[in-house]
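Following: one structure in structure tokens, then a few remarks.
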């Protein structure tokens, strides 16, 4: 095995990234379990949340960008949620082919129910954690995401 020449910060960041991958997998599994009774998955829940928190209705490509996800994967999930009546397409006055994705009343209800399940779960998960540490972790992750979004290789 080839030896790597990490700087101390590089080693620490590599360890952090590996831990993020592990935590992400566990969070997705926990999220799937949490909202399964609603007919949702973590991916569907995340997509609904992205739409709820957007400033205005957006086409699939913009939603995918906001999620940091692949447009084709988002399109597939959107199509499934349209079939299930949680989302609908509406005309886009700025682009005929890129329809806007809009939450239906059933979609709003499903998202609200998911958030009602999430609140006690996240409060329990946060128990015993130091608020300052949580805020620092959030800032570090936000900084890493911003650096990755600036990467011209993407």
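Figures for the structure shown
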| quantity | calculated |
| --- | --- |
| Per-pair calculated FRET efficiency, R0 = 22 Å: residue 41 and residue 89 via Cβ, rounded to 0.05 | 0.55 |
| In degrees, nearest ten, helix 8-35 long axis to first principal axis of the chain (Cα) | 40 |
| Estimated 222 nm signal from helices in the chain, with DSSP H stretches of n ≥ 4 weighted -39500 (n - 2.57), rounded to 500 | -22000 deg cm²/dmol |
| In degrees, nearest ten, helix 71-83 long axis to first principal axis of the chain (Cα) | 40 |
| C-alpha center-to-center spacing [region 96-114, region 13-82] in angstrom | 14 |
| Extension gain (nm, one decimal) between residue 71 and residue 21, 0.36 nm per residue minus Cα-Cα | 15.9 nm |
| For region 32-149, average projected area of the Cα convex hull in nm² | 8.6 |
| Length added when fully stretched, residue 141-residue 121, from 0.36 nm per residue minus Cα-Cα | 5.0 nm |
| Gained length - residue 113 relative to residue 97, 0.36 nm times residue gap less alpha-carbon distance | 2.5 nm |
| Folded to 0 to 90 degrees: helix 131-149 orientation relative to the chain principal axis, Cα | 80 |
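Values in this text are rule-based calculations from the coordinates and carry no lab data. For clarity, every value in this text was computed on a predicted model and none was experimentally measured. Positions of Cβ are backbone-derived with ideal geometry, glycine not excepted, and every protein chain shown enters the neighbour counts.
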